[in-house]
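Let me begin by presenting the structure, written as structure tokens, before commenting on it.
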Amino acid sequence: MNFQHIDFRQEDKTALVTISRAKQLNALNSDTISELLTAIKHAGSDDQIRGVLLTGAGDKAFAAGADIKEFLNKTTSQAVTLSRNGHELMRTIAELGKPVVALINGFALGGGLELALACHIRIASSQAKLGLPEVSLGLIPGYGGTQRLTQLVGKGKALEMMLTGEMIDAQDALKWGLVNHVVPPSDLREFAQSLLEKMYSRSPRAIAQVIAVVNAGFDQDANGMEAEIQSFSNCFGSADFQEGVSAFLEKRKPDF
Ligand code: CAA
């Protein structure tokens, strides 16, 4: 697929999506948001793709936020559109029925951290710096960060990050539960790929259901427990269930 602001490549079962605006620290302008949405939707609909790695070009930034240069002279109604477009991308990632892993290779700030927060798993390089500095611009996070950061680290830590606007380092992010793992910068890709490979050996149908049911628990209009009951029971009619259980009984590895 050809894009101007991102790079999309498929390597076997993995889609590698890289924001390629390194000189601007991979700031998310509207076109980048729109290209990321197209790429993620494509990854979701292509059956050959089983997982997505999302990262930023260069060694300095994952993404340093929404593109502040686009903010000048925006009216409030244009800002509603800007925020809704960002939300649509983040929701599409969060609801994708395939694992999306953020490789946080440097700064993940503002909308850049919100992008990582929408992913299912976050792996940070030991040099990463994470923060929601919007209050220093007279703004608040606008791509879901107020909600997703709070869900991940709890209200106290989330408020501290958002009210001070300060960055935290990768080790603190790990301690706070904001990232799953911290690895040396050169190991980022390989470590994430090894996590994906474990998931590729599991039932893709069950993986999609886990994501959907966990999300249902955070959806005020849904009932997470009821979603689990329905989803669990529906697994019983699936080919993946037949294969998984047969493989166990026949003492072999399942072939999903
Ligand atoms: N938007 C647009 N351009 C950005 C950018 C951003 N968010 N972040 C960095 N850049 C650009 C800089 O303007 C600079 O471009 P030029 O060379 O053309 O001047 C280039 O990237 C390199 O940046 P710096 O020279 O500033 O690099 P640095 O190493 O000195 O500092 C930094 C790095 C601390 C990350 C600093 O760039 C910074 O503070 N960036 C802004 C971070 C921020 O406030 N993010 C939140 C944005 S608002 C938002 O995201 C709202 C939302 O929730 C949707």
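All of the numbers you see were taken from the coordinates with simple rules; none came from a lab. In this text the structure is predicted, and so the values were computed from the model without any measurement. FYI the Cβ positions are ideal-geometry reconstructions off the backbone, even for glycines, and counts take in every protein chain you see.
Counting only the backbone N, which residues of the stretch 59-101 are under 16 Å from the spot 7 Å out from the Cα of LYS198 toward its beta-carbon?
99-101
Taking a ≥ b ≥ c as the square roots of the Cα gyration tensor eigenvalues, with a/c under 1.5 meaning rounded and otherwise prolate when a/b beats b/c, else oblate, which class fits the stretch 82-219?
Numbers: a/c = 1.96, a/b = 1.27, b/c = 1.54.
Note, shape of the stretch 82-219 comes out oblate.
Identify, among GLY142, ILE40, GLY86, the residue whose Cα sits farthest towards the positive end of the charge dipole of the stretch 1-149, taking +1 on the Cβ of Lys and Arg and -1 on the Cβ of Asp and Glu, with the dipole about the Cα centre.
Among GLY142, ILE40, GLY86, the one farthest towards the positive end of the dipole of the stretch 1-149 is GLY142.
Quick one: 3J(HN,Hα) in Hz for the stretch 240-251, Karplus 6.51/-1.76/1.60 with θ = phi - 60°, rounded, Gly and Pro as x.
4, 5, 4, 5, x, 6, 4, 4, 4, 5, 8, 6
Is there a quick way to get the dipole size of the stretch 20-62? I mean about its Cα centre, with the Cβ of Lys and Arg at +1 and of Asp and Glu at -1; what is the value in debye to the nearest 20? Before the final figure, lay out each step's value.
Numbers: 5 positive and 5 negative charges, 36 e Å.
So the dipole magnitude of the stretch 20-62 works out to roughly 180 debye.
If I take R0 = 45 Å and measure r between the Cβ atoms of GLU166 and THR38 in this structure, what FRET efficiency does the formula 1/(1 + (r/R0)^6) give, to the nearest 0.05? All intermediate terms of the calculation are to be shown ahead of the outcome.
Numbers: r = 34 Å, r/R0 = 0.76.
Taking R0 as 45 Å, the efficiency between GLU166 and THR38 is 0.85.
Report the paramagnetic label zone for GLU70: residues of the stretch 16-34 whose backbone N is under 16 Å from a point 7 Å from Cα along the Cα-to-Cβ axis.
19-34
Going by how many other Cβ atoms sit within 10 Å of their own, how do THR92, THR75, THR81 line up, fewest first? Don't skip to the end; give the middle numbers.
Values: THR92 16, THR75 8, THR81 12.
So the ranking, lowest neighbour count to highest, is THR75, THR81, THR92.
Summing -39500 (n - 2.57) over the DSSP H runs of n ≥ 4 in the chain and dividing by its residue number, what mean residue ellipticity at 222 nm do you reach, to the nearest 500 deg cm²/dmol?
Values: 10 runs with 120 residues, N = 256.
Helix-only estimate at 222 nm: -14500 deg cm²/dmol.
Across the stretch 109-126, in residue order, what do the Karplus-derived ³J(HN,Hα) couplings come to in whole Hz, using 6.51 cos²θ - 1.76 cosθ + 1.60 with θ = phi - 60° and x for Gly and Pro?
Rounded to whole hertz, the list is 10, x, x, x, 5, 4, 5, 5, 5, 6, 6, 6, 9, 10, 10, 10, 6, 4.
Quick one: which residues, 5 or more positions from GLY56 or on another chain, have an amide H under 5 Å from its amide H? H modelled 1.01 Å from N in the peptide plane, none for Pro or chain starts.
It is ILE19, ASN105, by chain and number.
Once phi is turned into ³J(HN,Hα) by the Karplus curve 6.51 cos²θ - 1.76 cosθ + 1.60 with θ = phi - 60°, what whole-Hz value does each residue of the stretch 51-57 show in order, with x for glycine and proline?
Rounded to whole hertz, the list is x, 10, 10, 10, 8, x, 6.
Extension gain THR81-ASP7, at 0.36 nm per residue separation less the Cα-Cα distance, in nm? Don't skip to the end; give the middle numbers.
Details: separation 74, 0.36 × 74 = 26.64 nm, distance 2.49 nm.
This chain segment gains 24.2 nm when fully extended.
Could you check the simple spin-label distance between LEU139 and ARG91, using points 7 Å along Cα→Cβ, in nm with one decimal?
2.0
Enumerate the amide H contacts of VAL179 below 5 Å, restricted to partners 5 or more residues apart or on another chain; note that Pro and chain-start residues carry no placed amide H.
For VAL179, the qualifying residues are LEU174.
Where the Cα atoms of the chain are projected onto their three principal axes, how long is each span, largest first, in whole Å?
So the three principal-axis extents are 63, 38, 34 Å.
By how many degrees, 0 to 90 and rounded to 10, does the Cα axis of helix 204-217 deviate from the longest principal axis of the chain?
That works out to roughly 50 degrees.
If r is the Cβ-Cβ distance from PHE241 to SER45 and R0 is 25 Å, what FRET efficiency results, to the nearest 0.05? Kindly include the intermediate steps, with their values, before the conclusion.
Values: r = 24 Å, r/R0 = 0.94.
Calculated transfer efficiency: 0.60.
Take every Cα pair under 8 Å in the chain that's 6+ residues apart, average their separations, divide by the length, and report that relative contact order as a whole percent. Don't skip to the end; give the middle numbers.
Details: 461 pairs, mean separation 38.0, N = 256.
Computed value for the chain: 15 percent relative contact order.
About the Cα centre of the chain, how large is the charge dipole given +1 on each Lys and Arg Cβ and -1 on each Asp and Glu Cβ? Please answer in debye to the nearest 20.
On the way: 25 positive and 29 negative charges, 51 e Å.
Using Cβ point charges on Lys, Arg, Asp and Glu, the chain gives about 240 debye.
What's the local net charge at ASP169, with K and R +1, D and E -1, over the other residues with C-beta under 11 Å away?
Details: positive: LYS129, LYS175; negative: GLU166, ASP172.
That works out to 0.
Over the Cα atoms of the stretch 1-132, Rg to Rh with Kirkwood Rh, two decimal places? Let's see the in-between values first.
Details: Rg = 13.8 Å, Rh = 14.5 Å.
Rg/Rh for the stretch 1-132 comes to 0.95.
For ASP12, what charge total do you get from the other residues with a beta carbon under 15 Å from its beta carbon, if Lys and Arg give +1 and Asp and Glu give -1?
On the way: positive: ARG9, LYS13, ARG50, LYS98, ARG189, LYS198; negative: GLU11, ASP46, ASP47, GLU190, GLU197.
Taking every other residue near ASP12 into account, the sum is +1.
Sticking with the crude label model, points 7 Å out along Cα→Cβ, report the distance from LEU249 to GLN147 in nm, one decimal please.
Label-label distance for LEU249 and GLN147, simple model: 4.3 nm.
Indicate the gyration tensor shape class of the stretch 94-153 (rounded, prolate or oblate), computed on the Cα atoms with a ≥ b ≥ c the square roots of the eigenvalues: a/c under 1.5 is rounded; otherwise a/b larger than b/c is prolate and the rest oblate. Mind showing how you got there, number by number?
Numbers: a/c = 2.31, a/b = 1.27, b/c = 1.82.
In terms of gyration-tensor shape, oblate.
Can you give me the Cα centroid spacing of the stretch 50-66 and the stretch 148-186 in angstrom?
Comparing the Cα centres of the stretch 50-66 and the stretch 148-186, I get a distance of 17 Å.
Enumerate by residue number the chymotrypsin sites (Phe, Trp or Tyr not before Pro) in the stretch 1-84 meeting two conditions: DSSP loop (anything except H, G, I, E, B), and at most 15 other Cβ atoms within 10 Å of the site's Cβ. Write out the running numbers ahead of the final one.
Working: sites: PHE3, PHE8, PHE62, PHE71; in loops: PHE3, PHE71.
For chymotrypsin sites (Phe, Trp or Tyr not before Pro) across the stretch 1-84 that sit outside H, G, I, E and B with at most 15 neighbouring Cβ atoms in 10 Å, the list reads PHE71.
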